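See structure below.
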Amino acid sequence: MVIILRFLDMRSNLPRKVTSSFQVYRPGEDELMWESLIIPLIVVTIIWIIGEIFLIRRAKALRRDRMNALMSKNSDVTPEEFLAKRMWSAINGEEGDFTGIYVLHNLSQDEYYVGQSVHVLRRVRQHFTGHGNGDVYADWKMGDKFTIATVSLVGSGYNNLNDLERDVICAYDAYDHGYNRTSGNRS
C-alpha cells in the first residue's frame, strides 16, 4: 500500500505535506497561486519601490547641488548683517534690487523658506521686520540662527520665477519639512 502511494505521489507534481496523523495533504489551487504568483509579485513590487525611492533621492540631491552652485555666486549673510548693512535699500530706493528667489535657512532647526520676488532684497527685509512669513519671523525673534541666500533669475538658466522657485522648494524640501505652505506657484 505504501509503495502504491509513493508511486502515485511521484506521478503528481503537486507538493505534499504529511500531517502528524501521517495523512498526505495536498495544497489547493489557492495556496499554489499564492506561492507561485502573489509572493513573487510582492517581491518585485518591493524592489520597484526601493528603486523609485533611490531615484527620487538621487534626483533631489542633484537638484540641490545645482541650486547650491547657483547660490554660491552670492555669499550667505545673516539677517543681522543684512539689516545692518541696509543691503535692502539703496539711496534711490530701488537701485541694486533684482528679480529672483531667496532662501532663508533656519540653521537651528535645519528648515528652509523659499520665496520669489521682483524686488528680492526688499522682500527679504520684510520677512525679518514682521511683514513676511510669520513662522520665519517668530523663530528669528526667538533666537534661531538664519542665513539668507539669493539667486537672480538672470543667469540662472530658468525662464521664469515660478519654475526656479518650484525647483528650489523641491531641492530643499521646504514644503514637506520647511516653512513653505505650497510647493510653488504654477505657470
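The values are calculated or read from the model by the stated rules, or taken from the named source; none is laboratory data. On a predicted model such as this, the values are computed, not experimentally measured, just so you know. Cβ coordinates were reconstructed from backbone atoms using ideal geometry, including for glycine residues, and neighbour counts include every protein chain displayed.
Going through TYR158, TYR175 one at a time, which residue ends up being assigned to a loop (DSSP other than H, G, I, E, B), touching a Leu at 6+ places or on another chain (Cβ under 7 Å) and surrounded by fewer than 20 Cβ atoms within 10 Å (Cβ to Cβ)?
TYR158
Could you figure out which of (1) hydrophobic (A, V, I, L, M, F, W, C); (2) within 22 Å of ARG63 (Cα to Cα); (3) modelled with pLDDT under 90 isn't true of ILE169?
Status for ILE169: all satisfied but (3).
Does SER108 satisfy being at pLDDT 80 or above, in the same structural domain as SER156 (by TED's automatic domain parsing) and surrounded by fewer than 15 Cβ atoms within 10 Å (Cβ to Cβ)?
yes
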